[in-house]
Structures are given as structure tokens and as C-alpha cells.
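Novice: Got a structure for you, written out below as C-alpha cells; questions coming shortly.
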Amino acid sequence: MRNPVAKKVTQIEPSGIRKFFDIVSEMQDAISLGVGEPDFDTPWSVREEGIYSLERGRTFYTANAGLKELRIEIGNYISRKYDLHYDAVHEIMVTVGGSEAIDLALRAMVDPGDEVLIPQPSYVSYLPCAVMADAKPVIINLKEENEFKLTRKELEESITDKTKILVLPFPNNPTGGIMTREELEELVPVIIEHDLYVISDEIYAELTYKGKHVSIASLPGMHDRTVTINGFSKAFAMTGWRLGYAIAPKVIMDQMIKLHQFAIMCAPTNSQFAAVEALKNCDDEVAKMVEAYDQRRRFLIDALRGMGLECFEPFGAFYVFPSIKKFGLSSDEFANRLLREEKLAVVPGTAFGDCGEGFLRISYAYSLTDLKKGLERLQRFINKLQAE
Amino acid sequence: MREKILNMLEKNGRIDIKDMATMLGTNETVIANEMADMEKEHIICGYHTLINWDNTSDEKVTALIEIKVTPQRGVGFDSIAERIYNYEEITSLYLMSGGFDFTAIIEGKTMKSVAQFVSSKLAPLESVLSTSTHFILKKYKDYGTVLDVPDKDERMLVTP
């Protein structure tokens with residue numbers, strides 16, 4: 001028999017998180033500080049809209065690009081929040097989570113051999129999506145001393161005459177790092193000089209704790225060279241609804257919609273109706289969640305530093321990325337032993353790229369009580385390591 | 001700062017001052033001083049525990065009573081309220097807009113004892129015109145907390 005599967009696919013490594021998840025799920029009564037999704041429920045008014053849309057029998061397809069009403073609301077929202085101004089009819093598309101938008105953007109924009117710059121540590125899907133699009137992924141290893149931000153120098157050094165795309169994953173999962181307006185402005189001249197396009201994954205845009213999030217597409221010269229990706233999962237605690245969106249100039253969006261049309265058809269209809277409510281009426285609910293995350297963020301950083309773990313102060317998403325280098329264990333070893341010996345799951349930094357070695361991703365999408373329980377176990381484990 | 005402290009305390013009256021200080025990015029003295037001041041100013045009026053008595057073996061009934069009164073010249077509602085709320089059985093008393101004047105909440109051991117209190121103490125008060133007693137059959141949610149439904153984290157343990 002012939003090999004039933006494609007080489008290109010088999011060469012892609014499964015996500016490091018997946019491997020770890022398999023171990024965790026075998027573990028009885030393990031607790032976790034390892035999730036990448038909010039602990040809050042979706043605001044009730046949003047859930048109610050979802051139910052109502054089902055009751056009304058709105059169970060048909062929507063337009064490929066998404067419900068027009070929703071796209072218009074997204075257009076209003078991004079203009080109000082991030083100073084982004086795009087045509088809701090031709091330049092905004094509703095996708096099945098931000099993840100789909102990442103895949104579409106890459107496939108719509110690269111030709112075989114084009115180089116895609118991927119700063120790491122970062123979300124697990126950029127690299128495989130680039131590979132599947134026949135691009136050549138080029139990793140930029142971000143540094144702790146820069147709080148895992150992308151610097152102008154790092155960008156310049158990674159560019160070749162084949163470079164076409166820069167992926168910008170900020171606010172960042174797993175480090176919690178953000179890029180301020182000034183830091184983004186540093187990059188813009190380089191991007192323009194080398195005629196690059198940017199895929200800016202801003203799924204955590206609402207979850208920042210030091211000033212407002214700045215979208216690179218709002219900076220002069222960037223509107224026409226940026227695909228902005230955002231969604232409902234993190235800001236509105238709607239992960240299971242599978243709803244994201246992409247914003248791009250029409251010339252790119254036309255091609256993305258074509259791919260979406262053939263692969264997906266349209267995002268789930270009842271999720272889309274619910275999302276309209278989220279954008280229209282949930283600012284207060286979001287503000288409450290952000291305040292709660294911010295409080296736990298301070299608590300977690302303080303607790304980790306109290307244990308002698310070094311960590312820079314992250315101002316975005318809901319992760320802290322402490323260094324465990326001083327214990328002489330790799331991230332994998334540390335996380336595995338922590339899981340086996342104390343039954344606490346955290347994610348090894350290496351799940352997000354090789355340069356995550358020596359770090360752990362600890363999430364604060366947990367109640368204060370759960371954080372404390374987890375931290376107690378971490379403290380016990382550290383005491384044990386220090387006694388060894 | 002005060003609003004944030006109050007929001008945290010309202011959700012968890014037992015929260016550690018040290019934790020609160022860390023979470024609000026300040027120090028313990030600031031929190032302790034603010035709390036002491038707010039106690040003095042009667043902004044913070046107590047630290048209570050939310051109990052679901054239905055889950056205990058203690059029998060307890062709660063009734064909500066609508067009361068109509070005739071306010072008297074010169075003294076108004078407040079002095080009538082005082083005559084009502086001084087009874088220990090009354091756990092809450094509110095002045096209302098609309099079809100009646102006060103809502104009183106009464107806790108008692110049995111329906112009979114509550115009924116007796118209303119008929120022998122409350123209704124005969126000089127300014128009380130009428131009362132209407134509603135017994136609470138089940139409490140689903142109190143002070144923003146859903147009773148009887150334990151919070152369960154159903155998320156997968158590790159996700160990207």
C-alpha cells in the first residue's frame with residue numbers, strides 16, 4: 001500500500017502542549033495552572049442571545065464573511081477601541097476562532113519559499129500554518145531581558161530578500177509581554193523599507209494592564225500592510241463559541257474569504273448572533289473581568305517572586321512566564337516532575353518555541369482560591385528541589 | 001481605591017488584607033487605614049457570612065412582608081421605621097416606592113411564629129394600615145451568589 005499521508009503533514013511536530021496534555025489527563029486529581037482560556041463564564045446576556053437565536057430558528061448559513069450585522073458591529077468596535085478603520089462589508093471577516101484567521105492569512109499571502117518571521121515564544125500554530133502554506137518559517141528568538149518584545153535590531157537581523165511576512169503576537173501568549181505604541185513605531189520604518197506585510201494576532205488586545213492596547217495597523221503606513229486578527233474567546237470569555245475575526249485590506253481579504261468559503265463556509269450562526277450582543281452591550285462585564293485578571297496578576301507575580309522565582313512583570317494576556325533556570329532542570333523536566341510529585345500542571349516554556357527553555361507558563365485565569373492551592377504545591381516542590 | 005476595596009470585600013469578607021494590598025498594588029497600611037475609616041464613616045457596616053440555611057438541620061423560615069402605613073405629621077416614615085426595625089425578628093427593612101411603603105424581612109423558626117409576630121406585634125402598630133406576608137419557599141441566589149450550585153471548573157487541564 002502507498003503511504004496514505006502527506007510528507008508535509010507528518011513532518012510537522014505535534015504541539016508540545018498536546019504531549020503534555022496527554023500526560024496530565026492520565027493523572028488522577030491533578031490541579032492546574034495551565035489553561036489558556038478564561039475562567040469566567042460568557043456574560044449571561046450573550047449566552048441568552050445564543051439561546052434566543054436558536055429559539056427563533058436562526059439555524060441557516062450566514063454570508064461567507066459572516067453576518068452583516070456582526071461585521072458592522074465589529075467595524076464600530078475596532079474603530080472605537082483600536083482606531084482601526086476598515087470597510088465592514090469588504091475588509092472584515094468572521095472566522096472560526098482566531099486560529100482559522102491565522103491559517104487563512106498565511107495561505108492567502110505567501111508563495112512557496114517566501115519567508116515568514118515568527119517571533120517566539122509564541123502561540124503554537126504560526127509555524128505549522130506557515131509550513132502548510134509552503135512558506136519558510138524563520139524564527140526570531142525573543143529575549144527575556146527585553147521582556148520578550150520584538151526589537152528593531154532583532155527584526156532587521158532576521159530579514160532577507162525573501163522575507164514577506166512578519167507575525168506579531170502581542171499581547172503575547174505565553175509570556176504576557178506587550179508592545180507599546182513607541183515600541184511598535186520603532187518597527188514600522190523597517191517593515192515599510194523592506195516592503196513586509198504584518199499578521200498581527202491581537203486576540204488578547206482587551207486584556208492589557210498598562211495603558212490601552214495599540215494596533216499596529218493604526219500606525220501611519222500600516223493600514224494597507226496589516227492583517228489584524230482578533231476574536232471573542234479571550235475578551236468575552238467565549239472560547240467554546242469558536243468565533244474570531246480578521247481585518248485586512250480588500251485585496252488580501254478577497255483571497256482569505258475565498259479560502260474560508262471552500263473550507264468552512266461560515267462561522268456558526270448562533271455564535272454570530274450572540275457575538276453581536278457581546279460587542280454592543282458588554283463593555284462593563286469586560287471591564288470587570290479585566291480588573292479581576294489584573295488583581296490576580298499582581299498577586300501571582302508577588303507570590304512567584306516570593307518563592308525566589310525570577311519573572312519580569314507581564315502586562316498582557318493572563319500569563320506569567322517565570323524563569324526556572326536556577327534549578328538546573330529543563331522546562332520539560334521541571335513541569336513533568338511538578339506534575340508527578342505535586343500533581344500541579346503548568347506548561348513548559350518549550351511548548352512555545354525552543355527559546356522558551358528555562359521558563360514556565362503559569363496562567364492566572366483562576367480564582368484566588370485556586371491560585372493559592374496551586375502555588376502551595378509549587379512552593380512545596382521548590383523547597384524540595386532546594387533541599388536536594 | 002475605596003471602591004476597589006469595597007468591591008473585593010463585598011465578594012469576600014474574609015479576604016486577607018495582605019492579599020488585598022498585593023492585588024491592588026498598594027501596601028497593607030493603606031488598606032487597613034481605608035477600612036478603618038470606612039467603618040467609622042459607616043460605609044462598611046459589618047462583615048457577614050452568606051449561609052445557605054436550607055443545607056443545615058436548622059429549621060428556619062423567611063418571610064417578606066409588605067407594609068402600608070400612615071405617616072404622621074412631623075415624624076414621617078423614619079420614626080415608624082424605627083418602631084418596626086427595633087424588633088429583633090426583623091432582619092431587613094426598606095422604604096419602598098410603589099403600592100406599599102415598607103418591605104420587612106423576617107426570620108423565624110416556624111411559619112406559625114412568623115405569623116404570630118405579624119399579627120400580634122406588627123399589624124397592631126398604630127400607624128400600620130395593612131400587612132401582606134409572603135413566605136420564601138426557596139432561595140436560589142443571594143447577594144450575587146448562586147446558592148446550592150457548587151462552582152466546578154470544567155475546563156481541560158491544559159490548553160494552548
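Novice: If A:Phe60 satisfies every condition in (1) of a type in the set (A, V, I, L, M, F, W, C); (2) open to solvent by less than 60 Å² (accessible area, probe 1.4 Å); (3) touching a residue at least 24 places away in the same chain (Cβ under 8 Å) but one, which is the exception?
Specialist: (2)
Novice: Here's a follow-up. Which members of the range A:126-175 meet the condition of being free of Cβ contacts under 8 Å to residues at least 60 places away in the same chain, of a type outside the set (A, V, I, L, M), crowded, with 19+ Cβ neighbours inside 10 Å and assigned to a loop (DSSP other than H, G, I, E, B)?
Specialist: Residues satisfying the conditions are A:Lys149, A:Pro169.
Novice: Return yes when B:Asp58 is within 30 Å of A:Val347 (Cβ to Cβ), assigned to a loop (DSSP other than H, G, I, E, B) and of a type outside the set (Gly, Ala, Ser) and no when it is not.
Specialist: No: the conditions fail for B:Asp58.
Novice: Counting only residues that are open to solvent by 100 Å² or more (accessible area, probe 1.4 Å), among the hydroxyl-bearing types (Ser, Thr, Tyr) and within 12 Å of another protein chain (Cβ to nearest Cβ), how many does the range B:126-160 have?
Specialist: Summing the residues that are open to solvent by 100 Å² or more (accessible area, probe 1.4 Å), among the hydroxyl-bearing types (Ser, Thr, Tyr) and within 12 Å of another protein chain (Cβ to nearest Cβ) in the range B:126-160 gives 0.
Novice: Looking at (1) touching a helix residue (DSSP H, G or I) at 6+ places or on another chain (Cβ under 7 Å); (2) open to solvent by less than 20 Å² (accessible area, probe 1.4 Å); (3) not aromatic (Phe, Trp, Tyr), which is the only condition A:Pro119 fails?
Specialist: (1)
Novice: For the range A:330-350, how many residues are closer than 13 Å to A:Glu26 by Cα, assigned to a helix (DSSP H, G or I) and within 12 Å of chain B (Cβ to nearest Cβ)?
Specialist: The number of residues fulfilling the criteria is 1.
Novice: State all residues of the range A:84-116 that are of a type in the set (Val, Ile, Thr) and surrounded by fewer than 24 Cβ atoms within 10 Å (Cβ to Cβ); if no residue qualifies, say none. Spell out the reasoning first.
Specialist: Taking the range A:84-116 and keeping what is of a type in the set (Val, Ile, Thr), we get A:89, A:92, A:94-96, A:102, A:110, A:116.
Across the range A:84-116, the qualifying residues are A:Val89, A:Val96, A:Val110.
Novice: Considering each residue of the range A:213-241, count those that are in a loop (DSSP other than H, G, I, E, B), open to solvent by 10 Å² or more (accessible area, probe 1.4 Å) and without any contact (Cβ under 8 Å) to a residue 40 or more places away in the chain, and give that number.
Specialist: Residues meeting the conditions: 2.
Novice: Take the residues in the range A:31-44 that are buried (at least 20 other Cβ atoms within 10 Å of the Cβ) and either without any contact (Cβ under 8 Å) to a residue 60 or more places away in the chain or aliphatic (A, V, I, L, M) (or both); name whichever of them is farthest from the other protein chains (Cβ to nearest Cβ).
Specialist: Quick first cut of the range A:31-44, residues buried (at least 20 other Cβ atoms within 10 Å of the Cβ) only: A:32-36, A:38-39, A:42-43.
Still in the list and also either without any contact (Cβ under 8 Å) to a residue 60 or more places away in the chain or aliphatic (A, V, I, L, M) (or both): A:33, A:35.
Values: A:Leu33: 10, A:Val35: 5 Å.
Among residues in the range A:31-44 that are buried (at least 20 other Cβ atoms within 10 Å of the Cβ) and either without any contact (Cβ under 8 Å) to a residue 60 or more places away in the chain or aliphatic (A, V, I, L, M) (or both), the one farthest from the other protein chains (Cβ to nearest Cβ) is A:Leu33.
The values are calculated or read from the model by the stated rules, or taken from the named source; none is laboratory data. Fair warning: this is a prediction, and the values are worked out from it, not measured in the lab. FYI the Cβ positions are ideal-geometry reconstructions off the backbone, even for glycines, and counts take in every protein chain you see. With ligands, DNA and RNA removed, areas are computed over all heavy atoms of the protein, side chains included. Shrake-Rupley method; radii C 1.70, N 1.55, O 1.52, S 1.80 Å.
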